[in-house]
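Engineer: Pasting a structure here, questions to come.
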Amino acid sequence: MPSNKSVSDAPIVQFTNCRILREHRLQREDLWVRDGKILNPEKLFFEEKGSADVQLDCRDSIIAPGFIDVQINGGFGVDFSLATDDFKSGLDLVSQKILSHGVTSFCPTLVTSPPSVYHQILPQITVRNGGAHGAGILGAHLEGPFISKEKKGAHPEHCLRTFEAGAFQDLLDTYGSLDCVQIVTLAPEMRRSSEVIQELTKRGICVSLGHSVANLSQAEEAVQHGATFITHLFNAMLPFHHRDPGIVGLLTSDKIPAGRRVFYGMISDGIHTNPAALRIAHRAHPKGLVLVTDAMAGMGLAPGRHTLGQQVVEIDGLNTYIAGTKTLSGSVATMDTCVRHFQEATGCSAETALEAASLHPAQLLGIEHRKGTLDYDSDADFLMLDDSLYVQATYIAGEEVWRQDVSGM
């Protein structure tokens, strides 16, 4: 029986023989998709008197929301912090390649750079939907340059800045424009940071705390002014101390405003965070954990020397260092690898691991009504995975955009 064309001419696709991640658990249900959205089958049957135009047998796969990476510096030889003539084609390349990792949306991330670099690059980043051309772009993540010299990590010291003279105007002058910006990472102990956090939040920009020597009360004050995220927890911040746990203490703070949740990024690559530290964070605040890759240009490339913004970095296996040092600088991990390592390190359920890369980043960005879930009327961005959480196929707006090339699939 054909679908009701008075509602939509788009074909209705029914994904059968699958387990869907919905409401925090895997449920044996079919997934219905029309016009790029998840469809409520009851409305289809009872209100439209419609049925599927196409049925697809998923062969007992898991179907989960597409992954969202809110911190990715580049990959496949492309560095988002380098103002090259072919910047847009590099961005397109990365967005296409990460489909195989299950990433359907991402925030291209710029590390600390000179103002001229922001002025050249930011106008070339536009929010756009994903598709066969690649993962969707949610907006830029600007990590620096308003960060601590003591905790600069791989960020070039000569490019660091403060905003104590003009506060928010200093930030605007540095970046040039905030039109495409989704996240700004800054150090909350910097003078006048409260004003800046409030101004960014007012504009709907997520403020993240990182590369910082802030104590807990400074971090709590930043959250009270609107900050909602912590950039790569444990990395580039004061280590946890029982008398002043620093930014890490936000995970169990009782000073978080009512109704607010603090999220924190974790690089679950087995290098940046010891599995025991990963378990401590997850057990302390499971609903705030957001998996990020922090991947740099070397992701997907052979070991050797590559760029990260203004620095040269060296890849040695899964380790990435500033060349000639032992300072960690971004990762070469892929999001699907991070999800599997997180599950293995914490012993959590498949549902929990998958939501840390989908639901939680969507909630952080306030887009959970359309991304990060398989709820009815949300965007049909989803993955087919096997029981070991290896990605078999990636779909954006209900269309297959990548499939594992395996005979018999």
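Engineer: His232: open to solvent by less than 60 Å² (accessible area, probe 1.4 Å), within 20 Å of Gly74 (Cα to Cα), without any contact (Cβ under 8 Å) to a residue 60 or more places away in the chain and assigned to a loop (DSSP other than H, G, I, E, B), yes or no? Spell out the reasoning first.
Structural biologist: Details: open to solvent by less than 60 Å² (accessible area, probe 1.4 Å): yes; within 20 Å of Gly74 (Cα to Cα): yes; without any contact (Cβ under 8 Å) to a residue 60 or more places away in the chain: no; assigned to a loop (DSSP other than H, G, I, E, B): yes.
Against the criterion (open to solvent by less than 60 Å² (accessible area, probe 1.4 Å), within 20 Å of Gly74 (Cα to Cα), without any contact (Cβ under 8 Å) to a residue 60 or more places away in the chain and assigned to a loop (DSSP other than H, G, I, E, B)), His232 does not qualify.
Engineer: While we're here: Restricting the first residue to the stretch 251-269 and requiring it to be on the phi > 0 side of the Ramachandran plot, which pairs with a second residue that is of a type in the set (Gly, Ala, Ser) and assigned to a loop (DSSP other than H, G, I, E, B) meet a Cβ separation below 8 Å and a spacing of at least six or different chains?
Structural biologist: From residues that are on the phi > 0 side of the Ramachandran plot, there are no pairs.
Engineer: Give the residues of the stretch 61-87 that are of a type in the set (Asp, Glu) and crowded, with 24+ Cβ neighbours inside 10 Å, sorted by residue number. Can you show your working first?
Structural biologist: Initially, the stretch 61-87 is screened for residues of a type in the set (Asp, Glu), giving 69, 79, 85-86.
Correct list: Asp69, Asp79.
Engineer: Quick one: is Glu29 part of a loop (DSSP other than H, G, I, E, B), within 30 Å of Thr352 (Cα to Cα) and either open to solvent by less than 60 Å² (accessible area, probe 1.4 Å) or out of contact with any Pro (no Cβ under 6 Å at 6 or more places or on another chain) (or both)?
Structural biologist: On the way: part of a loop (DSSP other than H, G, I, E, B): yes; within 30 Å of Thr352 (Cα to Cα): yes; either open to solvent by less than 60 Å² (accessible area, probe 1.4 Å) or out of contact with any Pro (no Cβ under 6 Å at 6 or more places or on another chain) (or both): yes.
Yes.
Engineer: Looking for something within 30 Å of Val313 (Cα to Cα), surrounded by fewer than 18 Cβ atoms within 10 Å (Cβ to Cβ) and hydrophobic (A, V, I, L, M, F, W, C) - is there at least one such residue anywhere in the stretch 46-59? Before you say what the answer is, go through the steps one by one.
Structural biologist: Just the residues of the stretch 46-59 that are within 30 Å of Val313 (Cα to Cα), to begin with: none.
No: zero hits.
Engineer: Looking at Val339, Val332, Val313, Val290 in this structure, which one is of a type outside the set (Lys, Arg), under 26 Å from Arg128 (Cα atoms) and either open to solvent by 10 Å² or more (accessible area, probe 1.4 Å) or at pLDDT below 90 (or both)? Please lay out each step first, then the result.
Structural biologist: Numbers: Val339 fails: either open to solvent by 10 Å² or more (accessible area, probe 1.4 Å) or at pLDDT below 90 (or both); Val313 fails: under 26 Å from Arg128 (Cα atoms); Val290 fails: either open to solvent by 10 Å² or more (accessible area, probe 1.4 Å) or at pLDDT below 90 (or both).
Among Val339, Val332, Val313, Val290, only Val332 is of a type outside the set (Lys, Arg), under 26 Å from Arg128 (Cα atoms) and either open to solvent by 10 Å² or more (accessible area, probe 1.4 Å) or at pLDDT below 90 (or both).
Engineer: Given Thr201, Thr126, Thr185, which one is in contact with a Leu (Cβ under 9 Å, 6 or more places away or on another chain) and either touching a residue at least 24 places away in the same chain (Cβ under 8 Å) or farther than 21 Å from Gln310 by Cβ (or both)? Don't jump to the end; show me each part of the working.
Structural biologist: Details: Thr201 fails: in contact with a Leu (Cβ under 9 Å, 6 or more places away or on another chain); Thr126 fails: in contact with a Leu (Cβ under 9 Å, 6 or more places away or on another chain).
Matching residue, one of Thr201, Thr126, Thr185: Thr185.
Engineer: Looking at the stretch 286-304 only, could you name the residues that are in contact with a Phe, Trp or Tyr (Cβ under 7 Å, 6 or more places away or on another chain) and over 15 Å from Ser329 (Cβ atoms)?
Structural biologist: Gly288, Leu289, Val290, Leu291, Gly300 - these are the residues of the stretch 286-304 that are in contact with a Phe, Trp or Tyr (Cβ under 7 Å, 6 or more places away or on another chain) and over 15 Å from Ser329 (Cβ atoms).
Engineer: Is it the case that Leu365 is of a type in the set (A, V, I, L, M, F, W, C) and open to solvent by 10 Å² or more (accessible area, probe 1.4 Å)? It would help to see each step written out before you state the result.
Structural biologist: Values: of a type in the set (A, V, I, L, M, F, W, C): yes; open to solvent by 10 Å² or more (accessible area, probe 1.4 Å): yes.
Yes.
Engineer: Here's another thing I want to ask about it. I'm told Gly90 meets every condition in (1) surrounded by 17 or more Cβ atoms within 10 Å (Cβ to Cβ); (2) in contact (Cβ under 8 Å) with a residue 24 or more places away in the chain; (3) in contact with a Gly (Cβ under 8 Å, 6 or more places away or on another chain); (4) farther than 22 Å from Ser358 by Cα except one. Can you identify the failing condition by its number?
Structural biologist: Among (1) surrounded by 17 or more Cβ atoms within 10 Å (Cβ to Cβ); (2) in contact (Cβ under 8 Å) with a residue 24 or more places away in the chain; (3) in contact with a Gly (Cβ under 8 Å, 6 or more places away or on another chain); (4) farther than 22 Å from Ser358 by Cα, the lone unmet condition for Gly90 is (2).
Engineer: Would you confirm, using the coordinates I've provided, whether Thr109 is hydroxyl-bearing (Ser, Thr, Tyr) and either under 19 Å from Ala297 (Cα atoms) or in contact (Cβ under 8 Å) with a residue 60 or more places away in the chain (or both)? Lay out the reasoning, then the answer.
Structural biologist: Details: hydroxyl-bearing (Ser, Thr, Tyr): yes; either under 19 Å from Ala297 (Cα atoms) or in contact (Cβ under 8 Å) with a residue 60 or more places away in the chain (or both): yes.
Yes; evaluated as a whole, the condition is true for this residue.
Engineer: Right, next: Can you name the residue in the stretch 209-229 that is in contact with an Asp or Glu (Cβ under 8 Å, 6 or more places away or on another chain) and under 21 Å from Leu365 (Cα atoms) and, of all such residues, is surrounded by the most Cβ atoms within 10 Å (Cβ to Cβ)?
Structural biologist: First, pick out the residues of the stretch 209-229 that are in contact with an Asp or Glu (Cβ under 8 Å, 6 or more places away or on another chain): 210-216, 218.
Right, trim to under 21 Å from Leu365 (Cα atoms) and you get 210-211.
Details: Gly210: 27, His211: 29.
Ranking the qualifying residues of the stretch 209-229, first place goes to His211.
Engineer: Let me spell it out: the conditions are (1) small (Gly, Ala, Ser); (2) in contact (Cβ under 8 Å) with a residue 60 or more places away in the chain; (3) crowded, with 17+ Cβ neighbours inside 10 Å, and Ala132 meets all of them except one. Which number is the exception?
Structural biologist: Of the numbered conditions (1) small (Gly, Ala, Ser); (2) in contact (Cβ under 8 Å) with a residue 60 or more places away in the chain; (3) crowded, with 17+ Cβ neighbours inside 10 Å, the odd one out for Ala132 is (3).
Engineer: With the condition kept exactly as written, say whether any residue in the stretch 376-384 is aliphatic (A, V, I, L, M), part of a loop (DSSP other than H, G, I, E, B) and surrounded by 15 or more Cβ atoms within 10 Å (Cβ to Cβ). Give the derivation first.
Structural biologist: First pass over the stretch 376-384, keeping only residues aliphatic (A, V, I, L, M): 380, 383-384.
Among the residues that remain, those that are also part of a loop (DSSP other than H, G, I, E, B) are: 380.
Filter again for surrounded by 15 or more Cβ atoms within 10 Å (Cβ to Cβ), leaving 380.
Yes: one or more hits.
The values are calculated or read from the model by the stated rules, or taken from the named source; none is laboratory data. Because the structure is a prediction, the values reported are computed rather than measured. Glycine gets a Cβ as well: all are built from the backbone with ideal geometry, and neighbour counts include every protein chain shown. For the accessible areas, the whole protein counts, side chains as well, though only heavy atoms, and no ligand, DNA or RNA atoms are used. Shrake-Rupley method; radii C 1.70, N 1.55, O 1.52, S 1.80 Å.
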